[in-house]
Amino acid sequence: MMKKVLIMSSVHPWNDTRVFHKEAVSLANLGYDVTLYATSSNHVYENNIPNLRVITFTPKSMMKRWQIWFKFYSIASQSDAQIIHLHDPELLPLGYFLQRMHRKKVIFDMHEDFPAVLKTKKIGKLSMPKWLIRIIYSAEKKMLQNMSAVVYAEKYYKENYEVLTTKQVDIYNYPFLQEAFEIAKYEMPTLIYAGAIHEIRGFKEMLAVAQLLKKANYQFQLLIIGKVPERLEVYAEEFLIEDDLVNEVKLVGRLDLRELTTYYARSHIGLALLHPEANYLRSLPTKVFEYMSASLPYVLSNFKSYERLAEETKSGYAVNPLSPNEIVAQIKMLLDEPKKQMELGSNGYKQHVANFNWSIEERKLSELYDEI
């Protein structure tokens, strides 16, 4: 009989790359009967994958998310699924009770550096007091200790949890193994960014880069892919009109993975200009590995771990993410040297095939599920 699995997220859209395309689909292909509960997005699941059901709900604000938690608890506690796979820190208490009171096997999937994120959280306009951070952090450790397994999306996350004796596995967010693309590039030199959109992810710097490239008379287009928050949409609209960049900068909106892959393949340079926030400094952005899988050279923030990746793989350049002038100097160099673009792109692709692809991670996921 097929083992049943429930995958639950109160925050991620159902077609999130890690939650759906990688983990849920892999588990269904491995022969598990998978039901995924997550928020709706602008795409609808076509029920086209055997053993995989998707149940969506409208995203709710933080104040109302408790309703989802109770619903999840009720569903999971009454389900005959043997394994519950949870994806958000806010669902940890749910996992704790499911494991302790209902004898479920619960896997907690950690996507971010939770202690670092906690330090940046605010209550209203005030920073969270240190005593409260300590209480939450210690409660989190206690709950994680009671999980059947903890999965880390980044290697260094587990440094925060050396006291845990529960099973721990690193399963990285590497992209699917890509065939080399046979698709023609855009005629216009194209810069691309795909991912969450926020000031601290370099949104305003990217617009400033476009402004400087235009002033320097470069022909280019910048594609920004992802859901733009309203405040930034207003900011961008004014900025693009004022600087006459309406034809150069395109806010494409959120794309599904297949569509996104085509955009990558047709572009010339990937951008990953995250600000030096605690949660980013050591957490390698997934998009850089996606750029490599599409033979795209990239320009990324000059944090130590990012710089090391760029230097060791010789597939991109690290710059100060807060300096549009420095970013532009590097981009101009790449735009002026198509040969260099190809060389870096090719280096990145080789590394993708050898080391940075989902097939390797899927095996680890499979072994974890076999063992718990």
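The values are calculated or read from the model by the stated rules, or taken from the named source; none is laboratory data. Values in this document were obtained by computation on a predicted structure and should not be read as measured data. Cβ atoms come from the backbone with ideal geometry, glycine included; neighbour counts cover every protein chain shown. Side chains included, ligands, DNA and RNA excluded: accessible areas come from the protein's heavy atoms. Shrake-Rupley method; radii C 1.70, N 1.55, O 1.52, S 1.80 Å.
Descriptive notes on the structure:
- When restricted to residues that are β-branched (Val, Ile, Thr), surrounded by fewer than 18 Cβ atoms within 10 Å (Cβ to Cβ) and within 25 Å of residue 338 (Cα to Cα), region 158-196 contains 1.
- Condition broken by residue 326, with the remaining ones in (1) in contact (Cβ under 8 Å) with a residue 60 or more places away in the chain; (2) in a helix (DSSP H, G or I); (3) within 28 Å of residue 199 (Cβ to Cβ) satisfied: (1)
- Residue pairs meeting the criteria (Cβ under 7 Å; at least 6 apart or on separate chains; first of a type outside the set (Asp, Glu), in region 298-315; second open to solvent by 20 Å² or more (accessible area, probe 1.4 Å) and assigned to a strand (DSSP E or B)): 299/317; 300/318; 301/318; 302/318; 306/318; 310/317; 310/318
- Condition broken by residue 278, with the remaining ones in (1) modelled with pLDDT of 95 or more; (2) open to solvent by 30 Å² or more (accessible area, probe 1.4 Å) satisfied: (1)
- All of (1) within 16 Å of the chain's Cα centre (by Cα); (2) assigned to a loop (DSSP other than H, G, I, E, B) hold for residue 151 with one exception: (2).
- Residues in region 57-72 that are among the hydroxyl-bearing types (Ser, Thr, Tyr) and open to solvent by 70 Å² or more (accessible area, probe 1.4 Å): 58 only.
- Condition met for residue 253 (under 22 Å from residue 338 (Cβ atoms) and either crowded, with 17+ Cβ neighbours inside 10 Å or at pLDDT below 95 (or both)): no
- For region 309-322, taking the residues that are of a type outside the set (A, V, I, L, M, F, W, C) and open to solvent by 30 Å² or more (accessible area, probe 1.4 Å), the one that is nearest to residue 268 (Cα to Cα) is identified as 317.
- Selection within region 151-182 - touching a residue at least 12 places away in the same chain (Cβ under 8 Å) and closer than 19 Å to residue 293 by Cα: 153, 154, 171, 172, 173, 174, 175, 176, 177, 178, 180, 181
- Of the numbered criteria (1) within 18 Å of residue 197 (Cα to Cα); (2) part of a helix (DSSP H, G or I); (3) at pLDDT 95 or above; (4) not polar (S, T, N, Q), the one residue 300 fails is (2).
- Any hit, region 316-324, residues being closer than 26 Å to residue 110 by Cβ and among the aromatic types (Phe, Trp, Tyr): no
- Residue within region 189-204 that is modelled with pLDDT of 95 or more, of a type outside the set (Phe, Trp, Tyr), over 23 Å from residue 289 (Cβ atoms) and in a loop (DSSP other than H, G, I, E, B) present: no
- Residues that are touching a residue at least 24 places away in the same chain (Cβ under 8 Å) and either among the polar types (S, T, N, Q) or in a strand (DSSP E or B) (or both) were ranked within region 213-240; the one that is most open to solvent (accessible area, probe 1.4 Å) is 219.
- Pairs with Cβ under 9 Å, 6+ apart, first in region 122-133 and within 17 Å of residue 62 (Cα to Cα), second open to solvent by less than 100 Å² (accessible area, probe 1.4 Å) and modelled with pLDDT of 80 or more: 122/128; 123/129; 123/132; 128/136
- Hits in region 95-123 - residues which are within 21 Å of residue 370 (Cβ to Cβ) and basic (Lys, Arg): 103, 104, 105
- The strands (runs of 3 or more DSSP E) falling completely within region 1-113 that include 2 or more residues that are free of Cβ contacts under 8 Å to residues at least 40 places away in the same chain map to 33-39, 52-57.
- Number of residues in region 114-131 that are surrounded by 13 or more Cβ atoms within 10 Å (Cβ to Cβ) and part of a helix (DSSP H, G or I) equals 6.
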